[in-house]
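The values are calculated or read from the model by the stated rules, or taken from the named source; none is laboratory data. All figures in this text were calculated on a predicted structure; none of them were measured in a lab. Note: ideal-geometry Cβ built from the backbone for every residue, glycine included; neighbour counts use all protein chains shown. SASA here: full protein model, heavy atoms, side chains in, ligands and nucleic acids out. Shrake-Rupley method; radii C 1.70, N 1.55, O 1.52, S 1.80 Å.
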Amino acid sequence: MTAAARFSKAQMAHMPPMPPAPPLIDPEHLAAFVDALPIPVIAKPAGTRSRLNRQVPFYRIPIQEFFSKVHRDIPPTRFWGYGKSVPGPTIEARSGSEILVEWPNQLPPKHFLPIDHNLMGAEKGVPESRTVVHVHGARVPPESDGWPEDWYAPGKSATYHYPNQQDAAMLWYHDHAMGINRLNICAGMAGLYVIRDAFEDSLNLPKGAYEVPLVVMDRMFRTDGQIYYPVTQLPDAPWVPEYTGNASLINGKLLPYLDVQPRKYRFRVLNASNARFYFLSLDNGMPFQQIGTDQGLLPAPAAVSRLAVAPGERADVVVDFSEHRGERVLLKNLTPTLMQFRVASEAVTDTSALPRTLRAIPKIAETDAVLTRRLTLEEVDNLVGEPMIHLLDGKRWHEPVSEKPVLGTTEIWELLNVTEDAHPIHLHLVRFRILDRRAIEVSDLVYDKKVTYRGDAVPPDPNEAGWKDTVRATPGASTRIIVKFEGYAGRYVWHCHILEHEDNEMMRPYEVVAPAKR
Ligand code: C2O
Ligand code: CU
Ligand code: CU
């Protein structure tokens, strides 16, 4: 049965009501700020391996089941993740220095979250605890990119090569297994991958204990502390269109606190949620000074008091606590509180800098683009108006590859979102710039296949005016990005980073083709 066929009229008539959610932990009733914010450990190489006659640092990060406490008063939660923590160990790499990582699958054979066998690649009989690792934002050869169908079963392993031929940026690694990506990441399969370079070092930004990753991900927890993932009323078709939870983990804890000194900190924010967009702020009104986006430093810091971070996006921010000695500052997502900063009262000397200019970013001229691709983001609804399936350019995963940029060329991709949701669209391999967003006449596109703009083109916000790999395609609008296809020829994917959409056809292959030889 295909996903599109799952809500037939006959089925609808016989559908039982949605199963009620079990009793869940309500974060409002938890003791706040009783756990210190954990900082993921830095991965250590297990040695070196020889590759093409070079000795290359070699890491081994097992993918396994473990139990971890998300809060002092909650029993240990079962996770599937990297190493023994969520997020997994942070990989620290230098630009230009390659590494090898082996990712052994040591998971138990049965999945603990609800698999939907109707989804592409999730047919019955396929190993349930399959996995394959992708480093989001990495410029890697196709065979090391984590192609969704390159998954492997427990007992198997893969060793990937990461050349790190790219600018300093905070990337992240996560599962990409076909048809169960949303479940695997929800189970805990995410970790950070930080690339550093000499230019960034020269800026003297806060570092060491003053550079802190903040990985946010929302979940629902049953009262016994276990992750709850909802299902539909159809036992054979449990897929739900979006997973959002009432509880937000920061580096794996609910409502943690962090002791800070009255000085500058660099916070590296990743939204690793399945579907939730975060709008972060500090409760004392202090702005974040955003210094970087997905793919590295901005040309200049941008002050933002409400920081929007879509699933998959990263924000690199500096916060200066020097004027707030002895205070308590809360990090909020709209109204809910996520964590607390406790600023020490003793003054300290802070020798770090927040430079007025960061990394110059060359403009890519629109005239450099050899072509513009118009690609729709659409939704096919079922009879009760619930989204059933989302498609990129009206196509499913298994249809032939239609986007074949030539290696070394520049293209404009115009994402035409005719749905009512924002979709964070991510392209593997490349970095890109956002050109603009512009409202469109949705009905013209849907019924007449014609693009009619309404209003003016709006340039990206100052805090998105850097190198990106994930872009919020806003509803009822055109979002244009300009991309140079650099790195490697081969097969990659592009997709919506709302993981429920990605697992249900909102992912397409694309192929970078080698330039024709003369
Ligand atoms: Cu975060 Cu296909 O990736
Ligand atoms: Cu990616
Ligand atoms: Cu989407």
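Can you give the relative contact order of the chain as a percent, counting alpha carbon pairs under 8 Å and 6+ residues apart? Intermediate values should be presented prior to the final figure.
On the way: 1376 pairs, mean separation 74.8, N = 518.
Here the relative contact order equals 14 percent.
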Item to check | 14 Å reach of a label modelled at residue 491, 7 Å along Cα-to-Cβ, counting backbone N of the stretch 143-167 | outcome: 143-151
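Of all the Cα-Cα pairs you can form in the stretch 56-105, what percent are over 16 Å apart? Could the numbers behind the result be given before it?
Working: 625 of 1225 pairs.
The calculated P(r) of the stretch 56-105 puts 51 percent of pairs beyond 16 Å.
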Item to check | Distance between the stretch 442-518 and the stretch 217-234 - C-alpha centres, whole angstrom | outcome: 31
Next on the checklist: Take residue 447 and residue 66, extend 7 Å from each Cα along the Cα→Cβ direction, and tell me the distance between the two endpoints in nm.
Outcome noted: 5.7
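Per residue, what accessible area does the chain have, given a 1.4 Å probe and all protein chains present, in Å²?
Working: 20330 Å² over 518 residues.
Solvent-accessible surface per residue comes out at 39 Å².
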Next on the checklist: Quick check: from the Cα gyration tensor, does the stretch 67-180 come out rounded (a/c under 1.5), prolate or oblate?
Outcome noted: oblate
Item to check | Nonlocal amide H pairs with residue 239, under 5 Å, H built at 1.01 Å | outcome: 232
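How large a share of the accessible area of the chain, in percent, is made up of carbon and sulfur atoms when the probe is 1.4 Å and the other protein chains stay in place? Numbers along the way, then the final one.
Working: 10650 of 20330 Å².
With neighbouring chains kept in place, the figure for the chain is 52 percent.
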Checklist outcome for this item: Order by accessible surface, 1.4 Å probe, largest leading, for residues 24, 52, 377 comes to 52, 24, 377
Item to check | Sparsely packed GluC sites (Glu not before Pro) within the stretch 44-132, loop by DSSP, other Cβ within 10 Å at most 14 | outcome: 123
Item to check | Heavy-atom accessible area order for 219, 396, largest first, 1.4 Å probe | outcome: 396, 219
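Expressed in nm to one decimal, what extension gain is obtained for the pair residue 110 and residue 201 from 0.36 nm per residue of sequence separation less their Cα-Cα distance? Numbers along the way, then the final one.
Working: separation 91, 0.36 × 91 = 32.76 nm, distance 4.52 nm.
Length difference between fully extended and current span is 28.2 nm.
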Next on the checklist: So if I take the centroid of the Cα atoms in the stretch 47-88 and the same for the stretch 304-372, what is the distance between those two points in Å?
Outcome noted: 27
